[in-house]
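One structure is given below, encoded as structure tokens.
The values are calculated or read from the model by the stated rules, or taken from the named source; none is laboratory data. None of the values given here were measured: they were computed from a predicted structure. Here the Cβ is made from the backbone with ideal geometry for all residues, glycine too, and neighbour counts use every protein chain on show.
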Ligand SMILES: NC(=O)c1ccc[n+]([C@@H]2O[C@H](COP(=O)([O-])OP(=O)(O)OC[C@H]3O[C@@H](n4cnc5c(N)ncnc54)[C@H](OP(=O)(O)O)[C@@H]3O)[C@@H](O)[C@H]2O)c1
């Protein structure tokens with residue numbers, strides 16, 4: 001198994017891409033610590049992981065609240081002897097014409113998608129640095145690379161995630177810590193259905209497609225690193 005003996009912390013692990021990553025990692029022997037706000041969804045993901053024979057612990061955490069993130073990190077590091085992989089997956093979006101965005105929606109988009117990554121990396125970095133080992137996987141978006149219509153706040157936040165990933169790659173290499181950004185196009189999840197209820201999603205990617213990519217970067221050779229990885233629907237346009 002590719003992740004035998006490893007532990008991963010996964011935010012937004014109650015459903016969608018985060019849950020699929022938790023299960024894909026567990027199938028490869030990884031124990032997981034799950035974080036999100038909806039407790040029944042966390043309990044369900046944890047039960048699915050345990051059914052695969054791996055350990056799963058969870059805590060309720062709003063990643064937009066720095067104190068929640070710090071408490072989540074403390075809980076994860078108390079529950080497991082080490083954290084090898086941090087997956088910053090929790091995200092949220094509102095798709096709307098720019099002039100109709102409220103300052104609160106703008107701020108919430110930045111807090112949930114971007115500042116959460118800053119806070120979580122700060123919370124786990126001392127532990128990874130002390131071990132001179134660790135891997136950080138940020139679930140960004142194709143909007144981290146190009147702008148999409150009616151997605152200005154989300155595009156700004158995900159561009160920030162990609163910028164932070166690239167800058168930290170330079171800073172963290174001295175500590176032997178790898179950092180990646182995965183940038184999916186359309187994935188059929190609650191977030192996509194909430195924002196684009198009328199789009200036909202028959203040919204959209206599944207959460208498992210993105211989990212497969214996360215497993216790829218999580219198991220890269222120590223001599224190689226993929227900074228930014230764009231995963232698009234097969235019938236969409238290349239960048
Ligand atoms: N679906 C797509 O087409 C697509 C494309 C590119 C990138 N992405 C990215 O993929 C990631 C996962 O999204 P998804 O598509 O899987 O959506 P999803 O099914 O709605 O799942 C989002 C997860 O994030 C959690 N979350 C949301 N706000 C949170 C908060 N403030 N604090 C803690 N957890 C929070 C949710 O749980 P709670 O609501 O219970 O907190 C849920 O577990 C996001 O970063 C998203 O931007 C998605």
List the number of the failed condition for residue 131; all other conditions in (1) in contact with a helix residue (DSSP H, G or I) (Cβ under 6 Å, 6 or more places away or on another chain); (2) more than 23 Å from residue 238 (Cα to Cα) hold.
(1)
In segment 107-159, the residues that are surrounded by 21 or more Cβ atoms within 10 Å (Cβ to Cβ) and in a loop (DSSP other than H, G, I, E, B):
140, 141, 151
So, in segment 73-106, of the ones that are assigned to a helix (DSSP H, G or I) and farther than 30 Å from residue 5 by Cβ, which residue ends up farthest from the ligand (Cβ to nearest atom)?
99
Filter segment 47-72 down to the residues that are away from the ligand (no atom under 14 Å from the Cβ) and part of a loop (DSSP other than H, G, I, E, B) and list them by number.
52, 53, 54, 55
Would you mind stating whether residue 4 is under 19 Å from residue 111 (Cβ atoms), over 15 Å from the mean Cα position of the chain (by Cα) and outside any strand (DSSP E or B)?
no
What is the one condition in (1) surrounded by fewer than 22 Cβ atoms within 10 Å (Cβ to Cβ); (2) touching a strand residue (DSSP E or B) at 6+ places or on another chain (Cβ under 9 Å); (3) at pLDDT 95 or above that residue 180 does not satisfy?
(1)
Can you spot a residue in segment 17-29 that is part of a strand (DSSP E or B), touching a strand residue (DSSP E or B) at 6+ places or on another chain (Cβ under 9 Å), modelled with pLDDT of 95 or more and more than 27 Å from residue 176 (Cβ to Cβ)?
no
Taking segment 88-103 and keeping only residues that are more than 16 Å from residue 187 (Cα to Cα) and either surrounded by 16 or more Cβ atoms within 10 Å (Cβ to Cβ) or touching a residue at least 24 places away in the same chain (Cβ under 8 Å) (or both), one is left with 88, 96, 97, 98, 101
Only one of (1) without any contact (Cβ under 8 Å) to a residue 24 or more places away in the chain; (2) within 13 Å of residue 136 (Cα to Cα) does not apply to residue 168, and that is (1)
Kindly provide the set of residues from segment 198-239 that are free of Cβ contacts under 8 Å to residues at least 40 places away in the same chain, more than 10 Å from the ligand (Cβ to nearest atom) and surrounded by 17 or more Cβ atoms within 10 Å (Cβ to Cβ), ordered by number.
209, 213
